[in-house]
Amino acid sequence: MSALTRRRFAELLAAGGPLAVFAEAAFAESDLERLLRPSRRPPPFHEGENYWSEIREQFFLPEDLAFFNAANLCPAPIPVVEALLERTRRLDRDPSPQVKGELQQERELVRQKLAAYLRVSPEEIVITRNTSEANNLVSSGLDLGPGDEVVIFSDNHPSNHAAWREKARRFGFSVKVVEQVNPHPGADYYLEAFSRAMTSRTRVVAFTHVTNTAGDLLPAKELCALAREKGALSLVDGAQSFGVLDVDLSDMQPDFYTGSAHKWPCGPREAGLLYVNRQVHDRIYPTIVSLYGGAVGISRVLEAMGQRDEPAMIAFGAAIDFQLEIGRAAVEKRAYELRNAAVEELRRIPGVKLWSHPDPARSGAVVTFLPGNLDPRKLAEALYREHGIVLAARGGEDRPGLRLSPHLYNLHAEVERTVAALRRYLSTGL
Ligand SMILES: Cc1ncc(COP(=O)(O)O)c(C=O)c1O
């Protein structure tokens, strides 16, 4: 029993049972100390690198791990882990309808937080399990059939691309694809391309706010307005914008917007978001019909998916609180600062070709690049094993390379360390 003292073990066993002991034993001793520290809120915001070091301290990330894969899966900070553990412990000590009912009420507070965060109303928020589920609730839930057309973007994630194709096969509607262009040709190009692709038969336009491939930022507000003007619905996949860009859905005005808690919001796994504009509540049918829906609006119907993990949903709310305490504008600014620093450094390395547009007006907080003639997968493996640097690798013929997606727990020193390691591999080989 190295990480837990005997006394602490006895205390935990008495208070929370074996699960509580297991939960604590899963953390290293220094992590436990951090969990037990009296103040676990983010420090009050102030300018400078020191502030972000303090934010980093709120995560379990070890000092020597430079984690640049926010586009895939983010770590959760201590208050989020704590909210998850606390509610899990409460429920597993007493899984009565009464305790479950209390947690369901807290779930409604989370809906309110999510609505305020995105500047919409709680009646329009559905808490899903992730973006994939949210995207599929839309493509399965609309009444589409032969003669109807859906316009999608070639750089959509499979949950917003393959899913539409699959449902087109089943329900008989057709799918038209607007091709991505690299480097990002500008907002006007995409507005024109989507406009050209749409016809009087177009019922839905489904695109990605920020792509996970090159980090390309699409003109979401203008594309949603275009769809509306032409009588079509808009689905904006926000997996790479939710929790990092200061998204205002009251301004963007999509019909549907989706996201995951475990990416940029730094929330728990198995929680996500589907926003359904109140104008279209009568256009979408539930795909899953069961008990335990939400209390208000469209969540009554679309969230009734049977037993759910309320502790995870509540921890999603804790993640939103964490970001709000830092400030949404500050989070976005920080991610862009790190992204811009990486872009500037990468542009100076001979042999590196950027797939992401250097102009932040055309890009989210995601940078992808070809690392000369080095194999991206082997390079990502070497960076991780030999330097503790986490980047995502993309193989294949279409924009192969590495993806660096920085977030609020990263430091400039980590960007510098990563660039130095890349330079070394590019000059000496793997
Ligand atoms: C743009 C986009 N959409 C959807 C998803 C799917 O997210 P999840 O696996 O959380 O459902 C991803 C994941 O990377 C993504 O990048």
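The values are calculated or read from the model by the stated rules, or taken from the named source; none is laboratory data. For clarity, every value in this text was computed on a predicted model and none was experimentally measured. Please note: Cβ atoms are built from the backbone with ideal geometry, for glycine as well, and neighbour counts cover all protein chains shown.
Which residues, taken from region 177-203, are loosely packed, with under 15 Cβ neighbours inside 10 Å and among the charged types (D, E, K, R)?
Selection gives GLU179, ASP188, GLU192, ARG196, ARG201.
So LEU109 clears everything in (1) surrounded by fewer than 15 Cβ atoms within 10 Å (Cβ to Cβ); (2) outside the structural domain of GLY267 (by TED's automatic domain parsing) except one condition, right? Which one?
Result: LEU109 fails condition (2) only.
Can you tell me which condition SER290 does not meet? The list is (1) over 10 Å from the mean Cα position of the chain (by Cα); (2) in a loop (DSSP other than H, G, I, E, B); (3) within 16 Å of the ligand (Cβ to nearest atom); (4) hydroxyl-bearing (Ser, Thr, Tyr), and all the others hold.
(3)
Of the residues ALA295, ALA214, ALA225, ALA304, which is within 15 Å of the ligand (Cβ to nearest atom), among the aliphatic types (A, V, I, L, M) and over 22 Å from SER174 (Cβ atoms)?
Among ALA295, ALA214, ALA225, ALA304, only ALA214 is within 15 Å of the ligand (Cβ to nearest atom), among the aliphatic types (A, V, I, L, M) and over 22 Å from SER174 (Cβ atoms).
What are the residues in region 356-382 that are in contact (Cβ under 8 Å) with a residue 40 or more places away in the chain and surrounded by 23 or more Cβ atoms within 10 Å (Cβ to Cβ), if any?
Of everything in region 356-382, those that are in contact (Cβ under 8 Å) with a residue 40 or more places away in the chain and surrounded by 23 or more Cβ atoms within 10 Å (Cβ to Cβ) turn out to be SER356, SER363, GLY364, ALA365, VAL366, VAL367, THR368, PRO371.
Which of the residues that make up region 102-138 are within 16 Å of the ligand (Cβ to nearest atom), assigned to a helix (DSSP H, G or I) and in contact with an Asp or Glu (Cβ under 9 Å, 6 or more places away or on another chain)?
The answer is THR131, ALA134, ASN135, VAL138.
List the strands (runs of 3 or more DSSP E) inside region 342-429, counting only whole elements, that have at least 2 residues being under 22 Å from the mean Cα position of the chain (by Cα). Spell out the reasoning first.
On the way: elements: 352-354, 367-371, 392-394, 401-404.
Result: 367-371, 392-394, 401-404.
Would you pick out the residues in region 139-173 that are loosely packed, with under 14 Cβ neighbours inside 10 Å, closer than 23 Å to VAL276 by Cα and away from the ligand (no atom under 16 Å from the Cβ)?
If the condition is that a residue be loosely packed, with under 14 Cβ neighbours inside 10 Å, closer than 23 Å to VAL276 by Cα and away from the ligand (no atom under 16 Å from the Cβ), then ASP143, GLY145 are the ones that fit.
Being assigned to a loop (DSSP other than H, G, I, E, B), within 21 Å of HIS157 (Cβ to Cβ) and in contact (Cβ under 8 Å) with a residue 24 or more places away in the chain is the filter here; which residues of region 172-184 pass it?
Going through region 172-184, the residues assigned to a loop (DSSP other than H, G, I, E, B) turn out to be 172-173, 179-184.
Restricting the remaining residues to those that are within 21 Å of HIS157 (Cβ to Cβ) gives 173, 179-184.
PHE173, GLU179, GLN180, ASN182, PRO183, HIS184, listed by residue number.
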